[in-house]
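Student: Structure incoming, see below.
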Amino acid sequence: MIWTIGLSFLGSVAMISLYQSYLATSWVVQGLVWLVMFGMCYSFSRHLRSGRKGILRWFRDRINVLFVFGYSFLLWLSMRGTMEHLHDNAWYVTAFVYVGSYLSLCLTVWYVGYLLTKHSYPSITRRSSYRWIWWYALPMILSWGLYLLAFYPGIMGSDSHSHWEQAHTHEYSNWHPVLYTWFIEWLLKLFHSPATVAFAQIILLATIVGYGLYSFRKVGMEKRLLWFVSLFLALLPINGLYSILLLKDVLYSGSILFVTIVLFNIVATRGKWLTSVGHQFIFGLSMFGMVAFRHNGVYIVYVVLFLLCVCYYKYMIRILLPMAVVLFLFYYISGPVYEEIGVSEKNPNEKLGIPQQQIANVLVQNGKITDEQKAYIHDIMPIEKWKEYYNPTYTDPIKFAKSYNSDVIFEEGDPSTFYKTWLSIVAENPYLATEAFLKQTSLVWQMHQRYTDRHEYYNFRTTIQQPNDHGLQTEPKLNGLNGFLTKVAAFTEHHMWPVVWRPAVYAAILLLSLFIAIRKNGWKAGLVGLPVLLNIGTILAGIPAQHFRYLYANVLIFLFLILLALWKQENKPIQKKELEL
């Protein structure tokens, strides 16, 4: 017991010191971290003393060992702070923090991985009424409905107003997906208020979550766990605020969850779920949401489609037919229909965010750059302006600068010239280019925020942005609840920021859960987590700003992948009742 107390204390000191100064940390946080470390160390030691060698056998597996050390190192990098608090310490103190925190993470990953592997719910066939979809959805409809009443008629930012404007003027721009604008436009015919759109989003998101929980219920998942997920997602402030936020990212994230659940049904039935025409329709509907509500969705769909055909080639026709309809509709709408109604194309400069940031960082740091490259960059925007407008985590100051002349890239010259210039600068300055990339993408991979001030991060709002040209304003129906929920949201931002409002936290849980699911059920189980991982990848390749909404799907899906990690597929024939909705 003494050894356990001592080791857990040292581990908690190292873990906190990796993140921030231990002495500057409140005693409450110190105590909580120590309790977590102590509980894990005590349970770990009990497994060893009782003669139960399963935990050792799990670690002897070569793949598990490689994962523990590799994944723990990624966690260590993600959690690592600026380490400025260690600059005036002796080298052995710094070494203790580095080594101790890494070993603590390895022990944690080892133990959690073992527990998720040990505790399994074997797949059994459980006949369930479709009504369970609505039972599981009900807590979310009620909770998020209260958010709508508290922040009536919904929450709107600048992008929301852009959609709203287009829905009324019918002058469409594909800068933001037109299909979401049409979604707003059609709903406003029922009742002309942002509340109509917010309520529709509540119903859609809650129904998708309910369908997911119903799908796990059918294969025998513990009912109390399913209700826990339903209540947790219903009460999580992020979901309450985002469900009534008029942005395409909300429905796009819901579509990623929808595809995730559909893929689970396919994997759970070894592809036989696709034999139903109704299921093919659901499959196509989920995929259409992916391509409709954000521009990067179509790339994810192509990868998922290819791997589905490889894994379940016996059902290739049943996969390709609904996808052919989806892709035909998407390209027909985004092609001839957009052209017919005069939809303006999105700015091609939007995809140059990461290259612009890397070039700017090289200029700011006086990196290696030839006179020819400098002259070309100067034609786009004066060098001093590149240096002035460069923000390590935000592309808009450069992208929307008045002195930025994108015609040099797309009109007067060949875009390939820009790419060649950029690649040659990156090749000459790999460290500076990598530094710029990591700073710009910090929201994706970093649990600890250390590159910019917090005000540069956009997590949530609770009002309709003012001023606006449409006279829209927040008019709470329940003023007391408005004040309470605003305080709750502010509390999570100010006191629970690293846990609640960092997408990398949810991404870390996703990765660990998916690894365990693959180890339990084979590599095809990895298909279930593929959409959210691909979404993270596409955001990593071109994130323009530190906006939580880009990775909102992480929040919706991480608990479902934990359920996937706890589920164990049995090697038995698929029964007909498993192929229901």
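Student: What number of residues within the range 162-178 are open to solvent by less than 20 Å² (accessible area, probe 1.4 Å) and assigned to a helix (DSSP H, G or I)?
Tutor: 5
Student: Considering only the range 551-581, state which residues are part of a helix (DSSP H, G or I), open to solvent by 30 Å² or more (accessible area, probe 1.4 Å) and either modelled with pLDDT of 95 or more or not aliphatic (A, V, I, L, M) (or both).
Tutor: Result: I562, K576, K577.
Student: If T441 satisfies all but one of (1) open to solvent by less than 30 Å² (accessible area, probe 1.4 Å); (2) at pLDDT below 90; (3) under 30 Å from V33 (Cβ atoms), what's the number of the condition it fails?
Tutor: For T441, the exception is condition (2).
Student: When you check K520 against the structure, is it farther than 22 Å from L247 by Cβ, touching a Lys or Arg at 6+ places or on another chain (Cβ under 6 Å) and of a type outside the set (A, V, I, L, M, F, W, C), yes or no?
Tutor: Yes.
Student: Inside the range 82-99, can you point out the residues that are open to solvent by 20 Å² or more (accessible area, probe 1.4 Å) and either touching a Pro at 6+ places or on another chain (Cβ under 8 Å) or in a helix (DSSP H, G or I) (or both)?
Tutor: The answer is E84, H85, W91, Y92, V93, T94, A95, F96, Y98, V99.
Student: Would you point out the residue of the range 531-546, among those that are in contact (Cβ under 8 Å) with a residue 40 or more places away in the chain and aliphatic (A, V, I, L, M), that is farthest from V298 (Cα to Cα)?
Tutor: Ranking the qualifying residues of the range 531-546, first place goes to A545.
Student: Now for a separate question. For the range 214-226, does any single residue satisfy the condition of being at pLDDT 95 or above and either among the β-branched types (V, I, T) or in contact with a Cys (Cβ under 6 Å, 6 or more places away or on another chain) (or both)?
Tutor: no
Student: Given the conditions (1) assigned to a helix (DSSP H, G or I); (2) surrounded by fewer than 17 Cβ atoms within 10 Å (Cβ to Cβ); (3) of a type in the set (S, T, N, Q), and given that T108 satisfies all but one, which numbered condition is not satisfied?
Tutor: With respect to (1) assigned to a helix (DSSP H, G or I); (2) surrounded by fewer than 17 Cβ atoms within 10 Å (Cβ to Cβ); (3) of a type in the set (S, T, N, Q), T108 is out only on (2).
Student: Something else about it: Name, by its number, the condition in (1) aromatic (F, W, Y); (2) open to solvent by 70 Å² or more (accessible area, probe 1.4 Å); (3) not in a helix (DSSP H, G or I) that does not hold for Y152.
Tutor: Against the list (1) aromatic (F, W, Y); (2) open to solvent by 70 Å² or more (accessible area, probe 1.4 Å); (3) not in a helix (DSSP H, G or I), Y152 comes up short only on (2).
Student: Inside the range 216-263, can you point out the residues that are in contact with a Ser or Thr (Cβ under 6 Å, 6 or more places away or on another chain) and among the β-branched types (V, I, T)?
Tutor: V219, V259, I261, V262, listed by residue number.
Student: Follow-up. Has the range 16-38 got any residue that is β-branched (V, I, T), crowded, with 16+ Cβ neighbours inside 10 Å, out of contact with any Leu (no Cβ under 6 Å at 6 or more places or on another chain) and in contact (Cβ under 8 Å) with a residue 60 or more places away in the chain?
Tutor: no
Student: Return the total of residues in the range 231-284 being part of a helix (DSSP H, G or I) and within 24 Å of V555 (Cα to Cα).
Tutor: Within the range 231-284, residues that are part of a helix (DSSP H, G or I) and within 24 Å of V555 (Cα to Cα) number 35.
Student: If you scan the range 365-414, which residues turn out to be of a type in the set (A, V, I, L, M, F, W, C) and either touching a residue at least 40 places away in the same chain (Cβ under 8 Å) or part of a helix (DSSP H, G or I) (or both)?
Tutor: Residues satisfying the conditions are I369, A375, I377, I380, I383, W386, I398, V408, I409, F410.
The values are calculated or read from the model by the stated rules, or taken from the named source; none is laboratory data. Owing to the predicted nature of the structure, the values given are computational and were not obtained by experimental measurement. Ideal geometry is used to build each Cβ from the backbone, glycine not excepted, and the neighbour counts take in all protein chains shown. In case anyone asks, the SASA skips ligands and DNA or RNA and just uses the protein heavy atoms, side chains included. Shrake-Rupley method; radii C 1.70, N 1.55, O 1.52, S 1.80 Å.
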